[in-house]
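The next block holds one structure in the form of structure tokens; read it before the comments.
The values are calculated or read from the model by the stated rules, or taken from the named source; none is laboratory data. It should be emphasised that the depicted structure is a prediction, and the values quoted were computed from it without experimental measurement. Neighbour counts are summed over all protein chains in view; Cβ atoms, including those assigned to glycine, are modelled from backbone coordinates with ideal geometry. Surface areas here come from the heavy atoms of the whole protein model, side chains and all, with no ligands, DNA or RNA. Shrake-Rupley method; radii C 1.70, N 1.55, O 1.52, S 1.80 Å.
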Amino acid sequence: MSEMLLNTEINSQPVFCVVCEDRALIRSLLFRWMEQSLPCRLSEITHPQAMDRDHFNAKMCLISARTAPYEGPILPKRSAAVPIVFDDNFSHQTALWWQERGAKGLLDLRDSPEDWVSCIRTVLNGGIAATASAKAALDESNAKHGLQALSRREMEVAQILVRGATAEQAAKKLGTTDGTIKNQRKAIYQKLRIERATQLPWAMGNGIGRIK
């Protein structure tokens, strides 16, 4: 991440950007890099759905891939921002899932500042782009596996299980039986190509968020 602080400049008008990142250190580093690399005005939120009317005119929103997966559009409908998702190590599952949800850009922290700037420029000009490592992850994706392969109900179950809930707790929350949850859990594991609960956070992009 320290390489992101190189003074890479591009010529453009000031950009209003909203950054969605819970980790204070990463958020601070992103702010420093963006202030050096882009003439921009920055604001921070903890979750894409936390955007309010003060953020709706933002030109782009940088979203951590560690945000818990959720149903619905990435950003509120009233937002004019272009969604760009970043991660420090995209898996093919998360890269494809975010792209299919509408992310216009995918930025991997392992890639160079120049790669980031090029990707952001492409997105702000109306295109779709990914930095080198994110693109490599996309190239490895398989539509039959990963988050995008989960049904809506399986995603709901996965969101509960990834927080450490048991099958019994998930069943109670969703108003169904333990057996049904266990069958759905088996299907989730197969689609995410994992074998145990400890692998679930990684398979979901480490996305253990604050959704209640």
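Could you tell me how many of the residues in segment 195-212 are open to solvent by less than 20 Å² (accessible area, probe 1.4 Å) and at pLDDT 85 or above?
Residues meeting the conditions: 1.
Could you please find all residues in segment 165-192 being surrounded by fewer than 14 Cβ atoms within 10 Å (Cβ to Cβ) and modelled with pLDDT under 90?
GLN190
Please work out which residue is most open to solvent (accessible area, probe 1.4 Å), limiting yourself to segment 144-164 and to residues that are over 17 Å from ARG196 (Cα atoms) and assigned to a helix (DSSP H, G or I).
Ranking the candidates gives ARG152 first.
Can you spot a residue in segment 108-128 that is among the hydrophobic types (A, V, I, L, M, F, W, C), crowded, with 16+ Cβ neighbours inside 10 Å, without any contact (Cβ under 8 Å) to a residue 60 or more places away in the chain and in a strand (DSSP E or B)? Outline the logic, then answer.
So in segment 108-128, the residues among the hydrophobic types (A, V, I, L, M, F, W, C) come out as 109, 116-117, 119-120, 123-124, 128.
Add one more test, that the residue is crowded, with 16+ Cβ neighbours inside 10 Å, and what stays is 109, 116-117, 119-120, 123-124.
With without any contact (Cβ under 8 Å) to a residue 60 or more places away in the chain added as a condition, the list becomes 119.
Going one step further and asking which of them are in a strand (DSSP E or B), we end up with none.
No, segment 108-128 contains no residue that is among the hydrophobic types (A, V, I, L, M, F, W, C), crowded, with 16+ Cβ neighbours inside 10 Å, without any contact (Cβ under 8 Å) to a residue 60 or more places away in the chain and in a strand (DSSP E or B).
Looking only at segment 129-143, how many residues end up being free of Cβ contacts under 8 Å to residues at least 40 places away in the same chain, among the aliphatic types (A, V, I, L, M) and out of contact with any Ser or Thr (no Cβ under 6 Å at 6 or more places or on another chain)?
3
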